[in-house]
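Chemist: Let me begin by handing over the structure; questions about it come next.
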Amino acid sequence: MAHRILLVEDEENLRSAIRLNLEMEGYEVTEARDGKIAFDQFRSAHFDLIILDVMLPEMDGYTLCRKIRLENTKVPVIFLTAKGASDERVQGLKLGADDYLAKPFNLEELLLRVGSLLRRGITSQEGKSEMNTYRFGKCEINFLTFDVFGRDEKKRSLPKREIQLLKLLIERKNEVVSREDILRTVWEYDVYPSTRTIDNYIVNFRKYFEKNPREPKHFFSVRGVGYKFND
Ligand code: CA
C-alpha cells in the first residue's frame, strides 16, 4: 500500500512541485495550505509522514508539531525551515521533528529524506521511547489510560484535557510554559478559555499530586508568564 503523506505548505507553487514529485515516487499526498486545515486533516486520517513548513497562516508549524506530538509521538515529521535559520532547526528538533530541510532545497534531497524516514519507520518507532507513564514520588500518571495515582495513592480518571496539560508541562519540566503555548497546544484553536481556566487545572493538579496544595513543590504558577512543573 502506498505511504500516505500530509504536506503542509502555504506557498502554492512549492506545494504543487513537492506534491508532483512525491506522487511520481508513488506516495499518496494530502495537501494543507494552513495550520488549521492541516490539524483537522491529521486528526481525520492516518498518515505515515508529515512534511511541515514552519511559517504558516492560522497556526505556525511549531504549534502544529506540538499539537501533533501530544496525540501521536511516532509519525515522522520533516520541517521545512526558512533559509539558514539555525534557530528554527534547533527549535524544530526539540519539538520532536525527525528531520529538517532549509529552503531553498533540492527536491531530490527531500525525496531522499522522505524515503529514508519511511524505511527507518519501523525501527525508529521501536527505538523511540513513548512516554506512556510518568512517575514522581508516590504519584503516577498514565497518558494512555488517563488514570493517575495521586499523593493519597487513590486512582482517578482524568479528562483528556487535564492529561494533555500534564503531558505538556512534564515534557517541558523545569521550564516555564507560557499561557499562550498552553492555550495554543491544549485547547482548540477556536476556543479561547480565560487564564482562570488554566489556573483551575493547576489547582486540581495540586489537589491530586501535592502533599500540601497551599505550598506546592511540583506545580507552580509564574505570575503573568505561565506555569512550571518540577518533579
Ligand atoms: Ca510558509
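Chemist: Looking at region 164-197 only, could you name the residues that are assigned to a helix (DSSP H, G or I) and more than 24 Å from G61 (Cβ to Cβ)?
Modeler: Selection gives L166, T195, R196, T197.
Chemist: Filter region 25-42 down to residues that are away from the ligand (no atom under 16 Å from the Cβ), over 22 Å from N106 (Cβ atoms), of a type outside the set (S, T, N, Q) and assigned to a strand (DSSP E or B), then give me how many there are.
Modeler: Of the residues in that region, 1 qualify.
Chemist: I'd like the residue in region 167-181 that is within 22 Å of N132 (Cβ to Cβ) and out of contact with any helix residue (DSSP H, G or I) (no Cβ under 7 Å at 6 or more places or on another chain) and, out of all such residues, is surrounded by the fewest Cβ atoms within 10 Å (Cβ to Cβ).
Modeler: Only one residue tops the list, namely N174.
Chemist: Among the numbered criteria (1) in contact with a strand residue (DSSP E or B) (Cβ under 8 Å, 6 or more places away or on another chain); (2) part of a helix (DSSP H, G or I); (3) β-branched (V, I, T), which single criterion is violated by I5?
Modeler: All conditions are met except number (2).
Chemist: Does region 77-86 contain at least one residue that is modelled with pLDDT of 90 or more, at negative phi, small (G, A, S) and assigned to a loop (DSSP other than H, G, I, E, B)? Can you show your working first?
Modeler: Step one: filter region 77-86 for residues modelled with pLDDT of 90 or more, giving 77-80.
Then drop every residue that is not at negative phi, which leaves 77-80.
Those still in the list that are small (G, A, S) too: none.
No, region 77-86 contains no residue that is modelled with pLDDT of 90 or more, at negative phi, small (G, A, S) and assigned to a loop (DSSP other than H, G, I, E, B).
Chemist: Shifting gears a bit: Residues that are surrounded by 14 or more Cβ atoms within 10 Å (Cβ to Cβ), over 29 Å from F143 (Cβ atoms), among the polar types (S, T, N, Q) and more than 12 Å from the ligand (Cβ to nearest atom): does region 90-102 have at least one?
Modeler: No: zero hits.
Chemist: Also, quick follow-up: If you scan region 43-59, which residues turn out to be farther than 17 Å from L22 by Cβ and either without any contact (Cβ under 8 Å) to a residue 40 or more places away in the chain or within 11 Å of the ligand (Cβ to nearest atom) (or both)?
Modeler: Scanning region 43-59 gives R43, S44, V54, M55, L56, P57.
Chemist: I would also like to ask the following. Select from region 8-18 the residues that are part of a helix (DSSP H, G or I) and aliphatic (A, V, I, L, M) and write down the one among them that is nearest to the ligand (Cβ to nearest atom).
Modeler: L14
Chemist: Another question about this same structure. Take the conditions surrounded by 14 or more Cβ atoms within 10 Å (Cβ to Cβ), in contact (Cβ under 8 Å) with a residue 12 or more places away in the chain and more than 22 Å from V148 (Cβ to Cβ) and apply them to R184. Does it pass?
Modeler: Criteria met by R184.
Chemist: Give the residues of region 15-36 that are free of Cβ contacts under 8 Å to residues at least 60 places away in the same chain, surrounded by 15 or more Cβ atoms within 10 Å (Cβ to Cβ) and either closer than 19 Å to L112 by Cβ or among the aliphatic types (A, V, I, L, M) (or both), sorted by residue number.
Modeler: Listed by number, the residues that qualify are R19, V29, A32.
The values are calculated or read from the model by the stated rules, or taken from the named source; none is laboratory data. Because the structure is a prediction, the values reported are computed rather than measured. FYI the Cβ positions are ideal-geometry reconstructions off the backbone, even for glycines, and counts take in every protein chain you see.
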